[in-house]
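Structure first, then comments.
The values are calculated or read from the model by the stated rules, or taken from the named source; none is laboratory data. Since we're looking at a predicted model, the values are computed, not measured. In this analysis, Cβ positions are derived from the backbone assuming ideal geometry, glycine residues included, and neighbour counts consider all displayed protein chains. To get the accessible areas, we keep the full protein, side chains included, count just its heavy atoms, and leave off ligands, DNA and RNA. Shrake-Rupley method; radii C 1.70, N 1.55, O 1.52, S 1.80 Å.
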Amino acid sequence: MLKKEAFLSKDKLEHNPFLQKIDASYDIDFYRVIDGVQPEFSAQLYDDLILNNFAEEEREEKSDFQTFFEKDADNDVRRENINIVAISKGNFVGLLTGMAFHKSKLGYFDYLVVDNSVRGKGIGGKIFQTSKKLLKTVAQKHNYDNDNLAVLLTVEKSDATMNIDKGQDPRKRLAFYARQNCQRIVGMPCYVPGIFDAKTGTQKPPINCYDWLIAGINRNFQDGEIAMNRPTALQFNADNLDLQYTDPQGRPAEETETYKKIEESLSNEICVENLIDKDSSKTVVC
């Protein structure tokens, strides 16, 4: 097998103003990606880690993915991006994209992926925990670091099949998040609108096989605990929909329809439940 040529030389890594080294483990370095990084950087990330690890219906087009890394006037006003990459020998081997929402005072993690070549070495957990620490730093800067600070993310239900052809078992992914002390949210159904394809002007079908998970930043939530109230949950969903599902031409109908579904089905108190069955010590099947 031919050795893969390094995308980033040592000099490029050390002198790139958009890469902030924050940790290292064995031969893998972890960097925060600062907004405004070179377009070729985010394009290579997409080719290396997104294209072959996510089903077509759940991944953005490359140009949309690259907006996660652009300098945005809303950053530090409405939100702040939290993007972490893992690099080994000049190549990308891991990625987490996310953001902190200043209105709802919660974090959201979107893509989390580890290259096949380093899976099983704890890299995914390292990226996840490093990103949680970064979220805490952002919250401290904006004065909302507290006992209820948390990050939300979506995960496929245990019987989801869309990524099976990519060698991904949703049950293993649930077990991974259980090890990261994530819990399933009860009382806030997960509605994921189909991703808009700006090139074709069409919208991919809605994805209905996700659950919301939550992980505390300063403490772990207890099984059955109320994690947030209805106003906070509504604000989080409003923050998330506005950022994730609005294209330059606007999609107000889709955005409004999704928000209405959430509003109608949302409980007054949003609780959590363990991902692990206490009796069998096995991942709960949704």
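Descriptive notes on the structure:
- Test: residue in segment 232-248 that is at pLDDT below 80, surrounded by 15 or more Cβ atoms within 10 Å (Cβ to Cβ) and β-branched (Val, Ile, Thr): no
- Number of residues in segment 113-123 that are in a helix (DSSP H, G or I) and either more than 17 Å from residue 91 (Cβ to Cβ) or without any contact (Cβ under 8 Å) to a residue 24 or more places away in the chain (or both): the value is 0.
Residues are listed down the side, and each one gets a yes or a no for (1) exposed (fewer than 12 other Cβ atoms within 10 Å of the Cβ); (2) modelled with pLDDT of 80 or more:
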site	(1), (2)
198	no, no
205	yes, no
209	no, no
216	no, yes
230	no, yes
261	no, yes
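- When restricted to residues that are basic (Lys, Arg), open to solvent by 50 Å² or more (accessible area, probe 1.4 Å) and either closer than 22 Å to residue 99 by Cα or part of a strand (DSSP E or B) (or both), segment 4-34 contains 1.
Every residue, every condition in (1) small (Gly, Ala, Ser); (2) in contact with a Ser or Thr (Cβ under 7 Å, 6 or more places away or on another chain), yes or no:
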{"residue": "6", "(1), (2)": "yes, no"}
{"residue": "10", "(1), (2)": "no, no"}
{"residue": "22", "(1), (2)": "no, yes"}
{"residue": "28", "(1), (2)": "no, yes"}
{"residue": "31", "(1), (2)": "no, no"}
{"residue": "38", "(1), (2)": "no, no"}
{"residue": "63", "(1), (2)": "yes, no"}
{"residue": "82", "(1), (2)": "no, yes"}
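- Selection count, segment 127-152, where residues are open to solvent by 50 Å² or more (accessible area, probe 1.4 Å) and hydroxyl-bearing (Ser, Thr, Tyr): 1
- The residue that is nearest to residue 209 (Cα to Cα), counting only those in segment 34-74 that are in contact with a Phe, Trp or Tyr (Cβ under 8 Å, 6 or more places away or on another chain) and of a type in the set (S, T, N, Q), is 66.
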